[in-house]
Amino acid sequence: MSATAAERGTVYLAATGTALPGAPVDNTALAALLGISEEWIDLFVGTKTRHFGWDPATGEVRGTLADLCTEAAAQAMDGCGFGPADIEFLILATATPDTLLPTTAGEVADRLGLGHLPVFQIQAGCSGAIQAIDLGRTLVRGGHRAGLVVGGDVTHRFLSATPEAARMPREELVNYVLFGDGAGAAVLTDEPEGERVAVRAVLNSWTGQGRPPGQLLDWYGTTDRDSGRPMLAEDYKAIEEHVPTITAEILWELLGGLGWDLDDIGFLLPPQLSERMTARIVEGLPATSAREVSCVSETGNTGNALPFHQLDRLLPDFTPGSRALALCVESSRWFRAGLALEKV
């Protein structure tokens, strides 16, 4: 299929895929496991369920990041009828790889039967999904016909769900009710195929100069594995203060760069920190008739998987001529990210 002159140079999203491990864990079960109040979870984060690739009762790992990313990527390939021979690159974004080496990206490529192609792994929080799409878009524009972008995160190295967790400082405890495990993927193409969604703009900008981090995800080596410092912590006050403002900046920058008006947007995919925080962010944006596409209430915060899960929910209702904005803020060192999409 040949693209028109107006469409040349445009990169398209042909299909998406998602994966969540195991059965959903609701707030009643999580509160009992942690020895905390179910009402506190409801009031503080609002998220209803999340999924874990480990057994909350025993800690046994039942699903790795590679498992989830392979499932999501295979689903995306099937969604547009692509096989391994059709894929010319793979990019995987995560903050929680299974191992530092070999990369999870290489493991996923192997499981998918991919070979002799560029494979990249991006170390990032939830903005990594947009960074992967940005890099994938560049590769397609540079001559590749189609490629996979994948994002996912898992929690088993960072959360130990026991009643002792209730005695943690709140900036650590909040992570036990915020996060879940998951993965997502998309196929990018140089011509409109499958879902035929044009990626009209990508915003990928670090804005953290001079700002302390809003989120910490640490790791230990052989010399400091007995350290008492937290593995995972949130400055939720800074996040509450800065994320709504940053989200509005992303919205206006995407619209201004394309010459689109707010009324042109039919769907809005806002940042997915938690149900409560997402609601606060949307309330702070200018009034719009755009339909909100969110997933965090059911999936929990799955990091790099979140934008793909939102896209997966968007596509069934995304009709020709429809436009959407996807907005993402990573609070680790304050990344602004976003997508402008149009169904052709």
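The values are calculated or read from the model by the stated rules, or taken from the named source; none is laboratory data. Nothing here was measured: the structure is a model prediction, and the numbers come from that model. Heads up, the Cβs are rebuilt from the backbone with ideal geometry, glycines too, and the neighbour counts pull from every protein chain shown.
A few comments on the model shown:
- Members of region 128-155 that are under 18 Å from residue 306 (Cα atoms) and assigned to a loop (DSSP other than H, G, I, E, B): 154, 155
- Subset of region 209-258 [aromatic (Phe, Trp, Tyr) and either over 18 Å from residue 335 (Cα atoms) or touching a residue at least 60 places away in the same chain (Cβ under 8 Å) (or both)]: 219, 220, 236
- Tallying residues that are of a type in the set (Phe, Trp, Tyr) and more than 14 Å from the chain's Cα centre (by Cα) within region 308-342 yields 2.
- Some residue of region 79-87 being buried (at least 21 other Cβ atoms within 10 Å of the Cβ), of a type in the set (A, V, I, L, M) and either on the phi > 0 side of the Ramachandran plot or under 17 Å from the mean Cα position of the chain (by Cα) (or both): no
- Cβ pairs under 9 Å, 6+ apart, first in region 279-308 and under 22 Å from residue 242 (Cβ atoms), second assigned to a helix (DSSP H, G or I) and of a type in the set (D, E, K, R): 280/240; 288/263; 294/275; 294/313; 296/275
- Matching option when the condition is in the same structural domain as residue 206 (by TED's automatic domain parsing), assigned to a helix (DSSP H, G or I) and at pLDDT 95 or above, among 298, 240: 298
- Picking from residues in region 14-38 that are touching a residue at least 60 places away in the same chain (Cβ under 8 Å) and assigned to a helix (DSSP H, G or I), the one that is surrounded by the fewest Cβ atoms within 10 Å (Cβ to Cβ) is 33.
- Among residues of region 157-179 being in contact with a helix residue (DSSP H, G or I) (Cβ under 6 Å, 6 or more places away or on another chain) and in a loop (DSSP other than H, G, I, E, B), the one that is modelled with the lowest pLDDT is 161.
- Residue that is of a type in the set (A, V, I, L, M, F, W, C) and surrounded by 22 or more Cβ atoms within 10 Å (Cβ to Cβ), where the choices are 61, 119, 140: 140
- Options 67, 55: the member that is closer than 22 Å to residue 127 by Cα, charged (D, E, K, R) and out of contact with any strand residue (DSSP E or B) (no Cβ under 7 Å at 6 or more places or on another chain): 67
- Verdict on residue 138 being hydroxyl-bearing (Ser, Thr, Tyr) and touching a strand residue (DSSP E or B) at 6+ places or on another chain (Cβ under 6 Å): no
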